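Have a look at the structure below, then the notes.
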Amino acid sequence: MLDYLLKAMAESDLDGVSQWWKKETPSGDRAWAIHLALFPVVQRVLNPPFINPHLPKMYRICREFLPYLEEADIPSLVWLEVNEYAARPKLEPLPLPARQDSPVSFTAIQAAIRENDPAKSAALLRAFLEQKGKVELARNLLLLGSGYLEQSLGHSVSCTAFILLEIMERIDQDPWPALTLLADYFCKGQFHTVLPIPGKRVILSQEALSQHLLRAASGNGIVNLHHTITRYSIERVRHLFSEAEYAHLIARWIEFIGHKDAETPPPAPSGENVPEYQYFYQTFSGRDEKQVLLYLGGMLPSTEGRRTMGYYLVKGVCDLYHGQYNPHFLTGLSSALWVANEYHKQPPVAMNALRQYVNYFFSR
């Protein structure tokens, strides 16, 4: 029966997908098994008129929400996913290429991208992966994408990072669909030139990094939201890079942020009573930004409070789902939760990120 769902999604058959879901009404474990099985279909999902692979990125980011959710809440998240993937057009699949035994350099991949040849680029990506491994492929693609942050609004790293994380973690899946997607994306964006990386660039101090993140999390709207998402993405793949390479990525991110100033953050009360979810949801669904942020600020100091924060926000976003969502409602949420967890001892940074996301979600 799962084959029917995957076929209906691939054909963008929304009625078929809806009927299947209503008939199956999967429980938590079953719903997550469905999520995992979506890999080959999701890697073909497009989001025109944008070239960025927003939905495959969202697919990997949904894994970040799992620690916050109760088993009974998983089906609503997976249904949101299934419906969104089904609703959008799909990239035409490419046949699996023959194995390439001759050595493949990353410069050959860059040349194929420059030639705007997705099929050739994908075949070379696969050969490079088989010869050099997933980590080396990911490192090179992300360094390549880092040269185009402003041009791509950060997606050349942020989308690429999460798609590559899924490739590396899903040893049960053939990476070919994801490689064809990345090849198509890099060709459309013409991301083909790697910027030189200074060999002795020094990593900024934690204080300096915090100040730049405070600036990134300032301001509202999609551009400012991407300043925060991009930093989050860099940190999620930091383990792939040398210190000099990581410093290079951070320098590119700072250039992407530009010269905007940090905003005064909303207050972060301590010891605020955490409401029951039903009362939080009333405020959240009513788009009362000030009160929602007061609730979130009260949850910020403790580990359990931040877990409740993630639970309330993910559940709230899913409970408000009306059948059509901007993928940044999920990718931006994961970014804000990452900042809250990593910078809870620096409330101005955490609260600015939470305000930035809540404002974006409510305004749309």
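The values are calculated or read from the model by the stated rules, or taken from the named source; none is laboratory data. Source: prediction; values computed, not measured. Reconstructed Cβ throughout: ideal geometry from the backbone, glycine too, with neighbour counts over all protein chains shown. Surface areas here come from the heavy atoms of the whole protein model, side chains and all, with no ligands, DNA or RNA. Shrake-Rupley method; radii C 1.70, N 1.55, O 1.52, S 1.80 Å.
How do the pairs read when you match residues in segment 300-328 that are of a type in the set (S, T, N, Q) with residues anywhere that are open to solvent by 40 Å² or more (accessible area, probe 1.4 Å) and not in a helix (DSSP H, G or I), using Cβ under 7 Å and keeping only pairs 6 or more apart or on different chains?
308/274; 326/364
Do we have any residue at all in segment 126-137 that's at pLDDT 95 or above, surrounded by fewer than 23 Cβ atoms within 10 Å (Cβ to Cβ) and part of a loop (DSSP other than H, G, I, E, B)?
Yes, because at least one residue in segment 126-137 is at pLDDT 95 or above, surrounded by fewer than 23 Cβ atoms within 10 Å (Cβ to Cβ) and part of a loop (DSSP other than H, G, I, E, B).
Considering only residues that are open to solvent by 30 Å² or more (accessible area, probe 1.4 Å), in contact with a helix residue (DSSP H, G or I) (Cβ under 9 Å, 6 or more places away or on another chain), in contact (Cβ under 8 Å) with a residue 24 or more places away in the chain and not in a loop (DSSP other than H, G, I, E, B), which ones fall in segment 249-293?
Those that are open to solvent by 30 Å² or more (accessible area, probe 1.4 Å), in contact with a helix residue (DSSP H, G or I) (Cβ under 9 Å, 6 or more places away or on another chain), in contact (Cβ under 8 Å) with a residue 24 or more places away in the chain and not in a loop (DSSP other than H, G, I, E, B): 252, 254, 255, 277, 281, 285, 289.
Would you mind telling me which numbered condition in (1) touching a helix residue (DSSP H, G or I) at 6+ places or on another chain (Cβ under 8 Å); (2) part of a helix (DSSP H, G or I); (3) open to solvent by 20 Å² or more (accessible area, probe 1.4 Å) residue 109 fails?
It fails just one condition, (3).
Can you tell me which condition residue 85 does not meet? The list is (1) open to solvent by 60 Å² or more (accessible area, probe 1.4 Å); (2) hydroxyl-bearing (Ser, Thr, Tyr); (3) touching a residue at least 12 places away in the same chain (Cβ under 8 Å), and all the others hold.
(1)
Could you pull out the residue among 298, 323, 271 that is touching an Asp or Glu at 6+ places or on another chain (Cβ under 6 Å) and modelled with pLDDT under 95?
Residue meeting the stated conditions: 298.
Yes/no matrix, rows are residues, columns are (1) within 23 Å of residue 40 (Cβ to Cβ); (2) touching a residue at least 40 places away in the same chain (Cβ under 8 Å); (3) basic (Lys, Arg):
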| site | (1), (2), (3) |
| --- | --- |
| 139 | no, yes, yes |
| 148 | no, yes, no |
| 154 | no, yes, no |
| 157 | no, yes, no |
| 167 | yes, no, no |
| 170 | yes, yes, yes |
| 173 | yes, yes, no |
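Looking only at segment 304-337, count how many residues are open to solvent by 40 Å² or more (accessible area, probe 1.4 Å) and over 12 Å from residue 68 (Cβ atoms).
5
Mind listing whichever residues of segment 80-113 are of a type in the set (Lys, Arg) and touching an Asp or Glu at 6+ places or on another chain (Cβ under 9 Å)?
Once the filter is applied, which keeps residues that are of a type in the set (Lys, Arg) and touching an Asp or Glu at 6+ places or on another chain (Cβ under 9 Å), segment 80-113 yields 90, 99.
With segment 168-239 as the region, which helices (runs of 4 or more DSSP H) entirely inside it contain at least 2 residues that are aliphatic (A, V, I, L, M) and open to solvent by 10 Å² or more (accessible area, probe 1.4 Å)?
206-216, 222-236
Sort out which residues of segment 39-56 are open to solvent by less than 30 Å² (accessible area, probe 1.4 Å) and either in contact with an Asp or Glu (Cβ under 9 Å, 6 or more places away or on another chain) or closer than 16 Å to residue 5 by Cβ (or both), and write them in order of number.
Of everything in segment 39-56, those that are open to solvent by less than 30 Å² (accessible area, probe 1.4 Å) and either in contact with an Asp or Glu (Cβ under 9 Å, 6 or more places away or on another chain) or closer than 16 Å to residue 5 by Cβ (or both) turn out to be 39, 41, 42, 43, 45, 53, 55, 56.
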